[in-house]
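Every number in this text was worked out from the coordinates using simple rules, so none of it is lab data. Owing to the predicted nature of the structure, the values given are computational and were not obtained by experimental measurement. Cβ sites come from the backbone with ideal geometry, for glycine too, and all protein chains shown count toward neighbours.
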Amino acid sequence: MSCILQRMTEDDAPLTARWMVRQYGFDRVEVESWVQDLHFNWPLSVKALDENGHVIGLLNMSDYRIEEETPQILKDRPELIKSLNARRYIAVFSFIVAEKYRGTRLNYDMLMSIMPELKNKFDFIFIPVLHRLKTHQYWQRWGAKEFYHDEDCVCYKLDI
C-alpha cells in the first residue's frame, strides 16, 4: 500500500465535516459547529492520500479540554479532572480510515507520523469514544486506559 501523509490546515475543515457526517451519521450542521468551535489542532492533524490523490484517512487532533467533551466529570470527579488538567495533553477528535484501508498499517502510519511531535509537547493523548463506535478495542490495544465514562462516551488516556 502506497500513500502520502500530509498535515492538515483549516482549509480541510469542510473535508473533515463531510467524512464525519458520512462515517458516523452525525448531523452536518452539528459537525460543522464542532469543527469550527472545538479547537482543532490543524498542524498536528493528518490526512492520508492514495496514489491518485484521493483522501483515504483523516486523523483530527484537537486542543479542547476534557471537560468540554465531558462536562459531567467536573461534578463526578473534580479531583481527577484537576490532576489531568495539570498535565499537558491533546485530544483525538476524529480518526477515520476508508473502509478499504481498515486493517492495514494506514492508521498506525498516520499516528506515528505525528508521534515525535506529541512526545515533545504532551504527556498523554485524550481519546473520547462514543459508546456506539467500534474503536474501543483499537485504542485499548494501543495501551489506552479508561479513566471516565458517562452516558455518551468512554474517556481514554494514552500515555506518551
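Taking 7 Å steps out from each Cα toward its Cβ at ARG88 and VAL21 produces label points 3.7 nm apart. In the chain, the longest principal axis of the Cα atoms and the axis of helix 28-37 are about 70 degrees apart. If you plug the beta carbon distance of ASP11 and ASP159 into 1/(1 + (r/R0)^6) with R0 = 41 Å, you get a FRET efficiency near 0.80. Counted over the chain, the DSSP beta bridges are approximately 90% antiparallel. Every helix of 4 or more DSSP H residues in the chain counts as -39500 (n - 2.57), and over all residues that averages to -10500 deg cm²/dmol at 222 nm. Rounded, prolate or oblate for segment 2-45? Axes are the square roots of the Cα gyration tensor eigenvalues, ordered a ≥ b ≥ c, and the cut-off for rounded is a/c under 1.5. Oblate.
Calculation over all alpha carbon pairs of the chain in 10 angstrom steps from 0 returns a P(r) of 10, 40, 38, 10, 1 percent. Between amide H atoms placed 1.01 Å from N, distances below 5 Å from PHE40 occur with ASP63, all of them 5 or more places distant or on a separate chain. Distant-in-sequence amide contacts of CYS153, defined by a placed amide H-H separation under 5 Å and a gap of 5 or more residues or a different chain, comprise HIS131.
The HN-Hα couplings worked out from phi for segment 5-12 by the Karplus form 6.51 cos²θ - 1.76 cosθ + 1.60 (θ = phi - 60°) are 9, 10, 6, 9, 9, 4, 5, 8 Hz, whole numbers, x standing for Gly and Pro.
Coordinate range of the alpha-carbon atoms in segment 1-85 per principal axis, descending: 49, 27, 22 Å. Summarising the overall dimensions of segment 48-104 from its C-alpha atoms, the Rg and Dmax are 16.6, 50 angstrom.
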